[in-house]
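For reference, the structure discussed in these notes is given below.
The values are calculated or read from the model by the stated rules, or taken from the named source; none is laboratory data. What you see is a predicted model; the values in this text were computed from it and never measured. Cβ atoms come from the backbone with ideal geometry, glycine included; neighbour counts cover every protein chain shown. Areas reflect the complete protein model, heavy atoms only, side chains present, ligands, DNA and RNA absent. Shrake-Rupley method; radii C 1.70, N 1.55, O 1.52, S 1.80 Å.
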Amino acid sequence: MRIEDSVESPPQALLERLKDYGQEDAFALWDELSPPERQFLVKDIESLDLSRIDRIIRCSIRSQGLPMAAIEPVPESEVSTVEGRTVEQRERWWKMGLKAISDGKLAVLLLSGGQGTRLGSSDPKGCFNIGLPSGKSLFQIQAERIMCVQKLAARAAKEGSIVPVSIHWYIMTSPFTDEATRKFFESHKYFGLEANQVTFFQQGTMPCISKDGRFIMETPYRVAKAPDGNGGVYSALRYSKLLEDMAARGVKYIDCYGVDNALVRVADPTFLGYFIEKGSDAAAKVVRKAYPQEKVGVFVRRGKGGPLTVVEYSDLDTTLASAINQQTGRLRLCWSNVCLHMFSLDFLNQVADALEKDSIYHLAEKKIPSIHGYTAGLKMEQFVFDAFPYTPSTALFEVVREEEFAPVKNANGSSFDTPDSARLLVLRLHTRWVVAAGGFLTHSVPLYATGVEVSPLCSYAGENLEAICRGRTFHAPCEIAF
Ligand code: UTP
């Protein structure tokens, strides 16, 4: 069908297809549309994979009513805890990780398609400057951490001489963040990385629907749509043929994380070494939940011996959330998910197919902008942690919250997870590194409100700082760089 044909009356074949799926109301206002608006509407509907969307709507609505297996806690004995690790293990994993990286087996996968509504910035979150002395954006910090790991891996690969190591960085954007993200990287010359080691790809969107599964119209000629959630990464990797791209590059392991963590250890060699030794399909770094009402999802088992899965804080009743393990005196459900994951490429392939086959999305009740003003409707999303139930071998790796988790979720002025709180977490950690490396600090504002920042180009996790810091005094706030 040519679009010009559609201007007079709704194109018959398309209308029939819409009827097959009970979505013919999308053409309800056809008679009131101008010719360009009609063309727009036809294109909009043609861009939708109607049979896939219909399957997802039906499977997702049906799965909502199904009973869930009871929640079981994950015992400490099943987690690699900070207390349980030996120095030898840590050193072994670090070396194994660096070796795999220098062999080109690790890729980094960034989830950066979120709209960041709570932060309230019009730019993608990764462009945000959290107010560190260097003024670096989250993207720059992450890029420099990748460069640092490349350097460490190159050094470890060949004592004395340096072989080039390149870690490929896959960055998932969405229609809301794509253009601005690409421009930001271009205008900052990829922060020193090679342009060809960065691949941008877009996650999909899904129509917003009413409770009975009908499309909501945002305007008389456009279906309301929303990003399909950070779990859209699995189908986006599949559709963009990037799983094949990874295989062609020799990648075997994928380090996947969210953009909004100022302390994220991107491409962490220790985590990678642990993952390889464990031989798992998937792994997640976890921190201990700070208090029962903390707004984080926790890892649990669904039913005795069931696979690991994440339960969102909003789905946990308060009694369960505050239950104490009488033996340890700690929360029974204590392993917080902080969106720091490792996957094998084989598993990503399997899970992309399995999620597509099951077609179950989370239905979130939201106010959707529509032709009737803001109307109650459903957004359809997948979450990156939806992958975990598809393997019996998910490994949990506890990390120290103060070392690896500085979330940037809310605007300054909110009571938690703000750019200000994230900046302080970075400054405090880096100050401890500098003092441990023999440096001294002076400060004209109270130390609890300031500190020093260590450039990721100097140190990844506090290593190699003696030569720069021993015996030197730094006036906080400042950045320590080469
Ligand atoms: P959040 O759930 O915190 O959402 O994302 P958000 O969009 O950043 O912020 P709010 O809720 O609108 O305030 C956690 C991670 O998942 C990514 C985000 O970019 C962030 O790294 N994400 C989220 C996506 O990649 N796609 C999405 O559709 C949603």
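General remarks:
- Once the gyration tensor of the Cα atoms in segment 164-320 is diagonalised, the equivalent ellipsoid follows with semi-axes of 29, 28, 16 Å, ordered largest first.
- Per DSSP, loop GluC sites (Glu not before Pro) in segment 4-105 with at most 16 further Cβ within 10 Å: Glu8, Glu83
- Other residues with beta-carbon under 11 Å from the beta-carbon of Ser393 carry, at +1 per Lys or Arg and -1 per Asp or Glu, a net charge of 0.
- Considering only beta bridges that DSSP places wholly inside the chain, some 55 percent are antiparallel.
- Computed from the C-alpha gyration tensor, the three semi-axes of the ellipsoid equivalent to the chain are 42, 26, 23 Å, from longest to shortest.
- Per residue, the chain exposes 45 Å² of solvent-accessible protein surface, assessed with a 1.4 angstrom probe and all protein chains in place.
- Label zone at Leu66, where the point sits 7 Å out along the Cα-to-Cβ direction: segment 340-357 residues whose backbone N lies under 20 Å: 350-357
- Rounded to 0.05, the FRET efficiency of the Glu83 and Ser322 pair, given R0 = 25 Å and the Cβ-Cβ distance, is 0.60.
- With every protein chain in place, segment 395-482: carbon and sulfur % of accessible area (1.4 Å): 58 percent
- Spin-label model, Asp20/Asp212: points 7 Å from Cα along the beta carbon direction are separated by 2.3 nm.
- Helix-only CD estimate at 222 nm, as mean residue ellipticity for the chain, using -39500 (n - 2.57) per DSSP H run (n ≥ 4): -9500 deg cm²/dmol
- Loop sites in segment 428-482: GluC sites (Glu not before Pro), DSSP, at most 14 other Cβ within 10 Å: Glu463
- Dipole magnitude of segment 1-116, debye to nearest 20 (Cβ charges: Lys/Arg +1, Asp/Glu -1, about Cα centre): 820 debye
- Share of carbon and sulfur in the accessible heavy-atom surface of segment 198-248 [1.4 Å probe, %]: 47 percent
- Extending 7 Å from the Cα toward the beta-carbon at both Lys151 and Glu277 defines two label points whose distance is 2.7 nm.
- Placing pseudo-labels 7 Å out from each Cα toward the beta carbon at Thr375 and Asn412 gives an inter-label distance of 4.1 nm.
- The calculated FRET efficiency for the pair Ala481 and Thr117, based on their C-beta separation and a Förster distance of 45 Å, comes to about 0.85.
- Around the Cα centre of the chain, unit charges on the Cβ atoms of Lys, Arg, Asp and Glu (plus for the first two, minus for the last two) sum to a dipole of about 1320 debye.
- Residues in segment 149-193 that a label on Glu91 would reach, taking backbone N under 20 Å of a point 7 Å out along Cα→Cβ: 152-160
- Potential lengthening of the chain between Lys43 and Ala449 amounts to 140.8 nm, from the contour at 0.36 nm per residue minus the alpha-carbon distance.
- Separation of alpha-carbon centers, segment 344-371 and segment 162-195, rounded to whole Å: 25 Å
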